[in-house]
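Here is the structure we will look at.
Coordinate-derived values only; no laboratory data. Everything quoted here is computed from the prediction, not taken from an experiment. Every residue, glycine as well, gets a Cβ built from its backbone with ideal geometry; the counts of neighbours run over all protein chains shown.
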């Protein structure tokens, strides 16, 4: 009985110490994040692509607007077109997500981190929270700018959308969440692989290569499998007009599937942290 009581009290003490130390761990991870130049440059590239590519594509569409068939104009999605930049921005965010953890493995500082904070899952959780908050805020600003500029361009041909139009706000928030969760997926993959090139390869393969392979399958397999892939499921929430809606999940259903992919990667990452040496 005495042994049981001592063990229980020790466990409760460790739990309280871990919870009280978590804010310090968050501050430590924030300091690491903002002090690494690759973090800043990855965010600049991602947000720059989001804005610049949107402007280029919107201008190109407007320049050939009168040549577009009437059927295409009727299903035209000005919101999604102005946010086309997120397709390439997700790669930069994915690279950043991988680097959040693999940069410490490559430099060897991960050993010092785990020595100072033996609760490895808390370290991973702190990295994920800091990364998610910074990514969401910065990407939301870039996406709002891209949307505003894009709609100003589309107004020239009377095809612009307002943020109060049905589905537009959901598309803006959904696009921001898509980039954020995609980065968390990359963080999980980077933790599993523990190598920068390997983590980036896994992320690119899952987001870009895997859909191409599945699309090569005969129907209806390509549709039945494809709609559950990370990028296919996650991108549904970014569009207002649902082209091919019969073969896709609902916007938020698809996003939840995308979140499930990221959650599985992070859970497996947390499990492997305790199974392997730093």
Handout entry: segment 130-162 versus segment 170-215: alpha-carbon centroid distance in Å
Key = 22
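Work out the FRET efficiency for residue 114 and residue 252 from their Cβ-Cβ distance, taking R0 = 41 Å, and round it to the nearest 0.05. Before the final figure, lay out the partial values.
Numbers: r = 37 Å, r/R0 = 0.90.
In this case the efficiency is close to 0.65.
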Handout entry: Convex hull of Cα atoms in the chain, direction-averaged projection (nm²)
Key = 18.1
Exercise for the section: Starting from the Cα of residue 241, move 7 Å in the Cα-to-Cβ direction to define the label point; list residues of segment 168-209 whose amide nitrogen is under 15 Å from there. Expected result: 168
Problem - Label point 7 Å beyond Cα of residue 106 along Cβ direction - residues of segment 29-50 with amide nitrogen under 12 Å - result: 37-39
Problem - the chain: angle of helix 168-193 to the longest principal axis, Cα-based, in degrees nearest 10 - result: 40
Exercise for the section: Beta carbons within 10 angstrom, averaged per residue: use that to sort the peptides 51-63, 98-110, highest first. Expected result: 98-110, 51-63
Exercise for the section: Calculate the radius of gyration of the Cα atoms of segment 118-244 to one decimal place, then report Dmax, the largest Cα-Cα distance, as a whole number, both in Å. Expected result: 17.7, 60
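How much mean residue ellipticity at 222 nm does the chain get from its helices, if each DSSP H run of length 4 or more adds -39500 (n - 2.57) and you divide by all residues, to the nearest 500 deg cm²/dmol? It would help to have the intermediate numbers written out before the result.
On the way: 13 runs with 214 residues, N = 278.
Result for the chain: -25500 deg cm²/dmol, rounded to the nearest 500.
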Fill in the blank from the handout: Checking rank on 263-273, 134-144, with mean other Cβ inside 10 Å and highest first, the result is 134-144, 263-273
